[in-house]
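First up is the structure itself, then whatever we jot down about it.
The values are calculated or read from the model by the stated rules, or taken from the named source; none is laboratory data. None of the values given here were measured: they were computed from a predicted structure. Note that we place each Cβ from the backbone using ideal geometry, even for glycine, and neighbour counts take in every protein chain shown.
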Amino acid sequence: MDTGKKIPVILDGDPGHDDAIAWTVAKASNRLDIRAVTTVGGNQTVEKTTYNARRICALLGIDAPIAKGNAFPLMSKPMTAGNFHGTSGLDGPKLPEPDRPLSGYTAVELMAKVLRESEDPVTIFSTGAQTNVAALLLTHPELKEKIGCISIMGGGIQYGNWTPAAEFNILVDPEAAQTVFQSGVPVQMCGLDVTEKALVMPEDFETIRNIGNQVSRIVAEWLDFFMIIHKEMGYEGAPLHDPNAILSYLYPEIYDIREMHVEVETAGLYTRGCTVGNYGKIANLGVLEQPNVRVVMNVNRGKFVEKLVEAVKKYDGREVKI
Amino acid sequence: MSGRIPVWIDTDPGVDDSFAVLCALKDDQLDVRGISAVMGNAEQKYTYKNARNLAHFANRDEVPVYAGSEVPLFKKLRTAPLIHGETGISDAVLEESSAPHATLLAWDALYKEAKAQNGALRLVTLGPLTNIAKAFMKYPELPDLLEGIYIMGGAAEGGNITPCAEFNVYVDPHAAETVFRTGKKVYMFGLDVTQKAYLTDAEYHGIAKGEGRMTEFFRKSTAHILRLKENPQGFELYLHDVCPVAYLHEPSLFYGEMAKVHAETEGTITSGKTVTDLWSDKSFAEEANTKVMLEVNREALIRYMTDMLKKIQ
């Protein structure tokens, strides 16, 4: 359904190859109006992810203000994904240099400004640690009602990746994630349950490369880079985590989404950062808490790749100097 | 096969525990060397009594039954009266055993038998692992003396007492962690497999119909569970504890994968969760010492149980 009115959105992430592809999808949608881009440390230091964010915006033509986020998680020590995304956090193809200055606002201030000034509820896509979003919720309770949805990539009901129990984005800042889940704002969660099923296969890389525009060539090269480490780990394709946060919001019909109660373990010797979802039967008839999260559990992989290809095609004719 | 398989059963009967214990006692391939009781589904005074009476019920009064822990190592005791009733066997009443009471405690008796069996003893645990943790603390060489530890407990995915913890591990996570940490060859029959070992209504009624003391025990001991099945939240009669016993009888009924497992002892919402590195990109540093059971041939398992229970007339 296209009412012609676009949904105002904020892109919050730690790019990162899959964040970059998520933003490629977001910018390509004629249903989304990107009002701000905010960064957070995670895949690399916040300095590096911010530089990457600015280069991605220059490539894609995202002209919204970009604000640098917190270098520190709410309670944890900062951590990065090391060389997972290369030393730059976005290794691989050469990218254009930033084409505009950073916003003078902090990430939280910029988010708050966008929310205040928007007539319509704003959707926040958070594809890194939830530090900025949590800080926003904690410091601006009055703006909660201006948030339509927080759609995150993070967690895993069934298992983790960075530890056996925890997924990376949540592990970076478990307290922030718990703040988001408990906020009362509608939250949609794409965890490993779905994102490791959203595999983009090497033959799909070629489909994307053959689209032939500048963005398609770069996305294919990002995928090439992202595939190397995943191949070493035994994956058949690249699990494209972050774009699911955007695509499950735009096209819920190609996903299996279940409402459940989700909380984050913030203590634990082995479980810190574990997203505990109540999706089974509690045999002792313990209290079933009200669902607070729309958890995305599965995706039609073929359709996922189709939507990705469709998005990249939107960049036909765009060519920036690199 | 030359001899029978020497088995030790540590248990907290318990409804499905009772079925498992009876299966083991009536299985000609298994040589139950001893049974030790632990608190869990019910208080230890009941589980000890039930274990004794089960041996008597199976006409196996000669099998020694030992008393064990009354409380978890560090946590406050939680029992499961909704499922097993206050006494552990719901509405059933068993004839009192007149066998003499054993003088050894569970952990000492287990160690003694493990030594006597010289590496051949299979340890089956159907309740919280408190007795076993104590045995490991007192006798550090015990893990090496066991052929394997066959645990009903835990879950790689999900839970039954909390969203992420299974009852036996939840009751005493410190004990479970002790066993997962120091156990040598551990087989974990968690909810991943035991919730696939359910009984359909038709199968239930097939077993429950007719006369005889076994059928009556089956009917009466499942009274609480039947009432729970009425609950709209849904509930199944799971044969959790029968799984490890059936495995000893016929390993090919099951499929599992190796992993390292830890029991969480410190989490605020994850206490008692068994964390496995089955599916995560990152593995635990320690060597995988646990076979996490994931699949069962359900029909064959039920056939095994009904065949064994039929022997009790």
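Things to note:
- Qualifying residues in the stretch A:133-177 (those that are in a helix (DSSP H, G or I) and farther than 20 Å from A:M75 by Cβ) - the one nearest to the other protein chains (Cβ to nearest Cβ): A:K144
- Residues that are touching a residue at least 24 places away in the same chain (Cβ under 8 Å), within 14 Å of chain B (Cβ to nearest Cβ), closer than 23 Å to B:S283 by Cα and of a type in the set (A, V, I, L, M, F, W, C), drawn from the stretch A:221-271: A:F226, A:I229, A:A238, A:V264
- Residue check, A:V180 buried (at least 18 other Cβ atoms within 10 Å of the Cβ), aliphatic (A, V, I, L, M), more than 14 Å from every other protein chain (Cβ to nearest Cβ) and in a helix (DSSP H, G or I): yes
Yes or no, residue by residue, for (1) surrounded by 23 or more Cβ atoms within 10 Å (Cβ to Cβ); (2) hydrophobic (A, V, I, L, M, F, W, C):
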site	(1), (2)
B:P163	yes, no
B:N168	yes, no
B:D172	yes, no
B:A176	yes, yes
B:V179	yes, yes
B:T182	no, no
B:V193	yes, yes
B:T200	no, no
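- For the stretch B:244-267, residues that are at the interface with chain A (Cβ under 7 Å from one of its Cβ atoms), in a loop (DSSP other than H, G, I, E, B) and in contact with an Asp or Glu (Cβ under 7 Å, 6 or more places away or on another chain) total 2.
- Restricted to helices (runs of 4 or more DSSP H) entirely inside the stretch B:132-183, those with at least 1 residues that are of a type in the set (D, E) and farther than 18 Å from B:I83 by Cβ are B:142-145, B:173-182.
- Of the candidates B:G158, B:G190, B:G154, B:G183, the single residue that is at positive phi and touching a strand residue (DSSP E or B) at 6+ places or on another chain (Cβ under 8 Å) is B:G154.
- Scanning the stretch B:138-156 for residues that are within 15 Å of B:G183 (Cβ to Cβ) and either touching a helix residue (DSSP H, G or I) at 6+ places or on another chain (Cβ under 7 Å) or surrounded by 24 or more Cβ atoms within 10 Å (Cβ to Cβ) (or both) returns B:Y139, B:L142, B:P143, B:L145, B:L146, B:I149, B:Y150, B:I151, B:M152, B:G153, B:G154.
- In the stretch B:268-310, of all residues being more than 29 Å from A:Y235 (Cβ to Cβ) and facing chain A (nearest Cβ under 7 Å), the one that is surrounded by the fewest Cβ atoms within 10 Å (Cβ to Cβ) corresponds to B:T268.
- The set of residues in the stretch A:115-132 that are surrounded by fewer than 24 Cβ atoms within 10 Å (Cβ to Cβ), touching a residue at least 24 places away in the same chain (Cβ under 8 Å) and assigned to a helix (DSSP H, G or I) comprises A:L115, A:R116.
- Matching residues in the stretch B:275-292 - criterion: being within 20 Å of the chain's Cα centre (by Cα) and part of a loop (DSSP other than H, G, I, E, B): B:N289
- Flag if B:L146 is free of Cβ contacts under 8 Å to residues at least 60 places away in the same chain, farther than 21 Å from B:S18 by Cα and touching a strand residue (DSSP E or B) at 6+ places or on another chain (Cβ under 6 Å): yes
- Helices (runs of 4 or more DSSP H) fully within the stretch A:197-273 counting 1 or more residues that are farther than 22 Å from A:L11 by Cα and over 21 Å from the mean Cα position of the chain (by Cα): A:202-209, A:214-232
- Single unsatisfied condition, B:G159 versus (1) at pLDDT 95 or above; (2) buried (at least 24 other Cβ atoms within 10 Å of the Cβ): (1)
- Filtering the stretch B:1-37 to residues that are among the β-branched types (V, I, T) and either assigned to a helix (DSSP H, G or I) or touching a residue at least 40 places away in the same chain (Cβ under 8 Å) (or both) leaves B:I5, B:V7, B:I9, B:T11, B:V15, B:V21.
- Taking the criterion of being closer than 14 Å to B:L129 by Cβ, within 15 Å of the chain's Cα centre (by Cα) and of a type in the set (A, V, I, L, M, F, W, C), the residues of the stretch B:30-74 that qualify are B:A37, B:V38, B:M39.
- Candidates are the residues of the stretch A:133-155 that are touching a Leu at 6+ places or on another chain (Cβ under 7 Å) and not hydrophobic (A, V, I, L, M, F, W, C); the one that is surrounded by the fewest Cβ atoms within 10 Å (Cβ to Cβ) is A:K144.
- Scanning the stretch A:179-207 for residues that are under 16 Å from A:A238 (Cα atoms) and touching a Lys or Arg at 6+ places or on another chain (Cβ under 7 Å) gives A:K197, A:A198, A:L199.
- Of all the residues in the stretch B:63-77, those that are surrounded by fewer than 21 Cβ atoms within 10 Å (Cβ to Cβ) and either among the aliphatic types (A, V, I, L, M) or free of Cβ contacts under 8 Å to residues at least 24 places away in the same chain (or both) number 4.
- In the stretch A:1-15, residue farthest from A:D120 (Cα to Cα) [restricted to those that are at pLDDT 95 or above and touching an Asp or Glu at 6+ places or on another chain (Cβ under 8 Å)]: A:G13
- Tabulated pairs, the stretch B:83-108, first on the phi > 0 side of the Ramachandran plot, second part of a helix (DSSP H, G or I) and surrounded by fewer than 16 Cβ atoms within 10 Å (Cβ to Cβ), C-beta under 6 angstrom, 6+ apart or interchain: B:S90/B:A223
- Restricting the stretch B:78-121 to residues that are outside any loop (DSSP other than H, G, I, E, B) and of a type in the set (G, A, S), the residue that is surrounded by the most Cβ atoms within 10 Å (Cβ to Cβ): B:A106
- Subset of the stretch B:150-182 (residues that are of a type in the set (V, I, T) and over 21 Å from B:Y238 (Cα atoms)): B:T178, B:V179, B:T182
- Any hit, the stretch A:36-43, residues being modelled with pLDDT of 95 or more and either closer than 21 Å to A:E221 by Cβ or surrounded by fewer than 23 Cβ atoms within 10 Å (Cβ to Cβ) (or both): no
- Subset of the stretch B:153-179 [among the aliphatic types (A, V, I, L, M) and away from chain A (no Cβ under 14 Å)]: B:A175, B:V179
- Count of the stretch B:224-236 residues, restricted to those that are within 20 Å of the chain's Cα centre (by Cα) and either more than 11 Å from chain A (Cβ to nearest Cβ) or touching a residue at least 40 places away in the same chain (Cβ under 8 Å) (or both), is 3.
- Residue match in the stretch A:285-301 (condition: in a helix (DSSP H, G or I) and at pLDDT 95 or above): yes
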